[in-house]
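Here's the structure, in structure tokens; my notes come after.
The values are calculated or read from the model by the stated rules, or taken from the named source; none is laboratory data. Bear in mind that the values here come from a model prediction, so they are computed numbers and not experimental data. Cβ: placed from backbone, ideal geometry, glycine included. Neighbour counts: every protein chain shown.
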Amino acid sequence: MSTLALLGGPQLRVLAKGIGSAHVPRGAGGGRDATVLDLCDRSFADAADAHERLDALADHFRSTGDRRTVFLSMYVQVTDGVRESVDAGEFADPAWTLDYLTAFADLYRRALFDYERGDLERVPDAWALAFAHAETDDRLVTQHALLGVNAHIVHDLALALDAVGIGEGTTRARRYGDHVAVNRVLERLVEDLQTTLAADAPGLADADVTLGRVDELLAAFSVAEAREHAWRVAVALADTLAPVRPVVRWYLNAVAGGAAQVVLSPPPDVVATLRTAETERRG
């Protein structure tokens, strides 16, 4: 696949926003939280290890009032849901799917570890923005969630696929089928994920209000489209010549950074609707 073939309309729009626009708040990173560093200082051994340590991180963030728990609590549910689906025989290549799940989680771990120790040059732009705004807590709960979703899917997912390998021929077709099967797991989890989000903003339990506005907030990508885009990028990484691979990685960083800017700069009416939805049931 040509690298240029990755550039559809939504990607072009967010790419333009992403070039040179990752303005991380001053003083971000380097918190050196001992619990975070301890849980993130080594690669995940397998999917079970990833789930256990991510769950511990989410509990730690929740107990300290850290807004990074918003995305992570949802992500823990997703990893658990995929593992259960593997155990239920829903994937053609269960071993590869678990390796894929582990590699994906490890990209989050690495970004969080580097951010926490203040090594911002190693942190992808979209993650630096997500973590920094979670620290300042100057955004809506919905924005915290979507900043994490964007960074992990739009930036990390293709790299996870590349790390575990997508194969060729019939192997690639089988692995693509398992990649798509994850979408069905996500569809089943929608209500549970919304309930988790509502723990931080009770008004978000009203799905009819929330989901339409969320679609507007992250108009550049739906989750299914972002996952399909990640597969196309993984194919480009697998099939391109080695000198071009850094260009594809630059593209991922810029597109995810641009999508983060979309999340951080929504239309005022979307902000007003979501702020009302997030607060209307408090008390």
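On the basis of being surrounded by fewer than 18 Cβ atoms within 10 Å (Cβ to Cβ) and in a helix (DSSP H, G or I), does residue 114 make the cut?
no
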Scanning region 50-74 residue by residue, those within 23 Å of residue 87 (Cα to Cα) and either free of Cβ contacts under 8 Å to residues at least 24 places away in the same chain or in contact with a His (Cβ under 7 Å, 6 or more places away or on another chain) (or both) turn out to be 52, 55, 56
Kindly evaluate residue 20 against the criterion of being at positive phi and modelled with pLDDT of 90 or more.
no
So for region 182-192 (the condition being modelled with pLDDT under 90 and among the basic types (Lys, Arg)), does at least one residue qualify?
yes
In this structure, does residue 118 turn out to be touching a residue at least 60 places away in the same chain (Cβ under 8 Å) and of a type outside the set (Val, Ile, Thr)?
yes
Within region 39-63, tally of residues that are basic (Lys, Arg) and either in a helix (DSSP H, G or I) or in contact with a Leu (Cβ under 7 Å, 6 or more places away or on another chain) (or both):
2
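Residue-wise test of (1) of a type in the set (Asp, Glu); (2) modelled with pLDDT of 90 or more; (3) closer than 21 Å to residue 74 by Cα.
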position: 227; (1), (2), (3): no, yes, yes
position: 230; (1), (2), (3): no, yes, yes
position: 244; (1), (2), (3): no, no, no
position: 249; (1), (2), (3): no, yes, no
position: 252; (1), (2), (3): no, yes, no
position: 264; (1), (2), (3): no, no, yes
position: 270; (1), (2), (3): no, no, no
position: 274; (1), (2), (3): no, no, yes
position: 277; (1), (2), (3): no, no, yes
Which of the residues spanning region 120-165 are of a type in the set (Asp, Glu) and under 21 Å from residue 251 (Cα atoms)?
121, 125, 156, 162
So which residues in region 161-178 are out of contact with any Ser or Thr (no Cβ under 9 Å at 6 or more places or on another chain) and part of a helix (DSSP H, G or I), if there are any at all?
161, 162, 163, 169, 170, 171, 172, 173, 174, 176, 177
Considering (1) surrounded by fewer than 18 Cβ atoms within 10 Å (Cβ to Cβ); (2) in contact (Cβ under 8 Å) with a residue 12 or more places away in the chain; (3) out of contact with any Asp or Glu (no Cβ under 9 Å at 6 or more places or on another chain), say which one residue 83 fails and leave the rest.
(1)
How many residues does region 140-160 contain that are under 19 Å from residue 58 (Cα atoms) and either assigned to a loop (DSSP other than H, G, I, E, B) or in contact with a His (Cβ under 8 Å, 6 or more places away or on another chain) (or both)?
4
Check off (1) buried (at least 21 other Cβ atoms within 10 Å of the Cβ); (2) at pLDDT 95 or above; (3) not in a helix (DSSP H, G or I) for residue 100 and give me the number that stays unchecked.
(3)
Among the candidates 206, 178, residue that is out of contact with any Leu (no Cβ under 6 Å at 6 or more places or on another chain) and modelled with pLDDT of 85 or more:
178
Scanning region 23-51 for residues that are modelled with pLDDT of 95 or more and crowded, with 16+ Cβ neighbours inside 10 Å gives 36, 39, 40, 44, 47, 50, 51
Which residues, counting only those in region 117-139, are among the acidic types (Asp, Glu) and closer than 24 Å to residue 158 by Cβ?
119, 121, 125
